[in-house]
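The next block holds one structure in the form of structure tokens; read it before the comments.
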Amino acid sequence: MSSKAQKAMAHMDRRDLSWYVDRAVQILMFVGGISAIVFIIGIFVFISKEGFSFTFGRFDIVEFFTSMNWRPTSESRETYGAFALIVGTASITGMAMLIAIPFSLGAAIYIGEFATGKTRESLKVLVELLAAIPSVVWGFIGLTIMNGLIIQLFNVPIGLNVLNAGVILGLMAAPIMTTIAEDALKAVPDRYREAAEAMGATKWQVIVKVVIPASKNGLVSAVLLGIGRAFGETMAVLMASGHSINIPGSVFDSVRALTATIAAELGETAVGSDHYGALFTLGIFLFLITFIINLTADVMVRGIRNK
Amino acid sequence: MSRDALVDTTKKQDEPLNKEELASGALAIQATDLNLWYGTFQALFDVSFNVKQGLVTSLIGPSGCGKSTLLRSVNRINERFGYVRTQGKVEVMGHDIYAPKVDLTQVRSQIGMVFQRPNPLPITIRKNILFGYGLQDSTKKIDSQEDEIIEKALKEVLLWDDLKDKLDKSALDLSLEQQQKLCIARLLPVKPKVLLMDEPCSALDPKATEAIEELIWGLRGEYTILIVTHNMAQARRASDECAFMLMGKMVEHQRTEDLFVTPFNQQTADYIEGKFG
């Protein structure tokens, strides 16, 4: 081997700066990539650790799920019945979906199938802006504007109720649902639309008979993510729902949500007490529900991609 | 130049058509002075072009010559895109389809179209076949005739034996050849007179191509077929008449056997000899 060739070989073997940069970036990316998983597990471990002392101790599953007496500070006997809180969260979420589903699916269909050019682009930007409004601002709107409006319009004594929180949450969940639903519609190949139009389908027939069935999974997961969003929302609900423990008989009754309970009470409990543990048990419950909802949505979105 | 060349087709020797109306040489498609723009780009220049009823007419020419554009203006599917502007007249079976009062969906349902890539809808085979038919009037009770319609359509495209037991399977699970045949089959229940085909075999292998060509040849007579093809050999073996386009203009239109043997135009001659394209 000539000395020239040896030199060239030696050069190839050298670990120069760019080699180290490459390695460093790879490691950095790997850490970034797994951090989400680490954090999720970390949060779950933390919540469990704090909550399990209660969950496996004082906790009474029958009381938790069936009693509506949430009296953690009772002098005589504390009770931890979360039934009213669960019903409160469910009723607000249900109300929110009644508002959000028609609005968001309608908006997605309009943006995805009808709007063109500038209208389309500006609508998309607007929807994304809506999604960026902080929840405390929404809560503020609920507390001031919506409250007065509901009292005036429906002639009821209090405007902080299921209707108020539901409308606020619906408006909060709608933008993200719109964005995901529009993505799902966009994922439907244009040749399907072209085929249907070539057979004489009207725009509406194309949407109803071709586009929606083909994007069904994505639309359902958009709705599920919206439910997850509404379910886990705290601040706006705390401000707009009235925050009173109650099984609602109508949309004009005040309720209290699971999330709002944790936010309102956690600061006032002694670390390690039963009350503290009970709030964390609510947290575990919320975590599991939203986890299941999001997982279902994710699996369904993957379903359409693989098709 | 080409109009004189369109002598009556009754003289066609191989596989004479026995249907009376074909002998008359009646026109299925009549385009007159057709100009078309995509935005500011002009894709068709004063195209006048006639297609006789019951024949297979092929459109050939190099990429971008406007043959697909011409095809797509016969059912106005071009207008899916807002920036398309059309000028001139196209008559299909005697009706001016660009007349102001014409219902676009009606036009399209009466003129079947087959695309380059098989595009069955992501629903069952059964629903694919009934799709166009069901669009006509959604309140119409079709349950009783459904099976009959499906059987007839699939038999016409020679798929019945293969598919009769899997009508409720997704159409996307079929082979490309079967998908393309299904795409033809789903046009038939509405009884179109004209079928437009935009390079229907370009996504298929040679065996499937042969099968589709045979099918097209079998549909000839009952349907008027206008087919765009990149494949000169295909135009030569599977069409009665052939038109050559170049740069958005109609250069020559003759009986296929004449066009390939004695083209009038030097450009046609150069193209079919493979000097460009």
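The values are calculated or read from the model by the stated rules, or taken from the named source; none is laboratory data. None of the values given here were measured: they were computed from a predicted structure. Because the Cβ atoms are built from the backbone with ideal geometry, glycine has one as well, and the counts that use them run over all protein chains shown.
General remarks:
- Condition met for residue B:73 (farther than 30 Å from residue B:32 by Cβ and more than 8 Å from chain A (Cβ to nearest Cβ)): no
- Residues of the stretch A:144-161 satisfying the condition of being within 13 Å of residue A:260 (Cβ to Cβ) and part of a helix (DSSP H, G or I): none
- Cross-chain or 6+ apart pairs with Cβ under 9 Å, the stretch B:162-182 first and within 13 Å of residue B:204 (Cβ to Cβ) and in contact (Cβ under 8 Å) with a residue 24 or more places away in the chain, then crowded, with 21+ Cβ neighbours inside 10 Å and among the basic types (Lys, Arg): B:174/B:181
- Summed over the stretch B:173-206, residues that are touching a helix residue (DSSP H, G or I) at 6+ places or on another chain (Cβ under 8 Å) and within 19 Å of residue B:127 (Cα to Cα) total 18.
- Evaluated against (1) farther than 30 Å from residue A:301 by Cβ; (2) more than 14 Å from chain B (Cβ to nearest Cβ), residue A:182 falls short on exactly one condition, (1).
- Helices (runs of 4 or more DSSP H) lying entirely in the stretch B:167-269 (those with 3 or more residues that are small (Gly, Ala, Ser), more than 14 Å from chain A (Cβ to nearest Cβ) and within 25 Å of residue B:50 (Cβ to Cβ)): B:232-238
- Hey, residue A:201 of a type in the set (Gly, Ala, Ser), facing chain B (nearest Cβ under 8 Å), part of a helix (DSSP H, G or I) and closer than 17 Å to residue B:79 by Cβ or not: no
- Residue satisfying all of: in the stretch B:111-128; more than 8 Å from every other protein chain (Cβ to nearest Cβ) and under 19 Å from residue A:211 (Cα atoms); surrounded by the fewest Cβ atoms within 10 Å (Cβ to Cβ) among these: B:124
- Among the candidates B:257, B:273, residue that is touching a helix residue (DSSP H, G or I) at 6+ places or on another chain (Cβ under 9 Å) and surrounded by fewer than 18 Cβ atoms within 10 Å (Cβ to Cβ): B:257
- Residue in the stretch B:153-166 that is within 14 Å of another protein chain (Cβ to nearest Cβ) and either in contact with a Ser or Thr (Cβ under 6 Å, 6 or more places away or on another chain) or of a type in the set (A, V, I, L, M, F, W, C) (or both) present: yes
- Residues in the stretch A:205-244 that are aliphatic (A, V, I, L, M), away from chain B (no Cβ under 14 Å), over 11 Å from the mean Cα position of the chain (by Cα) and surrounded by 21 or more Cβ atoms within 10 Å (Cβ to Cβ): A:219, A:236, A:237, A:238, A:239, A:240.
- Residue in the stretch B:137-144 that is at pLDDT below 90, farther than 30 Å from residue B:274 by Cβ, outside any loop (DSSP other than H, G, I, E, B) and more than 11 Å from chain A (Cβ to nearest Cβ) present: yes
- Condition met for residue A:185 (in the same structural domain as residue A:147 (by TED's automatic domain parsing) and within 24 Å of residue B:125 (Cα to Cα)): yes
- Checked against (1) free of Cβ contacts under 8 Å to residues at least 60 places away in the same chain; (2) in contact with a Lys or Arg (Cβ under 9 Å, 6 or more places away or on another chain), residue B:110 passes all but condition (1).
- Restricting A:133, A:92, A:99, A:86 to those that are within 18 Å of the chain's Cα centre (by Cα), outside any helix (DSSP H, G or I) and either surrounded by 19 or more Cβ atoms within 10 Å (Cβ to Cβ) or at pLDDT 90 or above (or both) reduces the list to A:133.
Residue-by-condition table, conditions (1) in contact (Cβ under 8 Å) with a residue 40 or more places away in the chain; (2) of a type in the set (Ser, Thr, Tyr); (3) crowded, with 16+ Cβ neighbours inside 10 Å:
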| site | (1), (2), (3) |
| --- | --- |
| B:52 | yes, no, yes |
| B:56 | yes, no, yes |
| B:61 | yes, no, yes |
| B:67 | yes, no, yes |
| B:71 | yes, no, yes |
| B:77 | no, no, yes |
| B:80 | no, no, no |
| B:85 | yes, no, no |
| B:89 | yes, no, no |
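- Sole exception among (1) closer than 30 Å to residue B:33 by Cα; (2) at the interface with another protein chain (Cβ under 8 Å from one of its Cβ atoms); (3) modelled with pLDDT under 85 for residue B:108, by number: (3)
- Of all residues making up the stretch A:248-276, the number that are closer than 24 Å to residue A:71 by Cβ, β-branched (Val, Ile, Thr) and in contact with a Gly (Cβ under 8 Å, 6 or more places away or on another chain): 3
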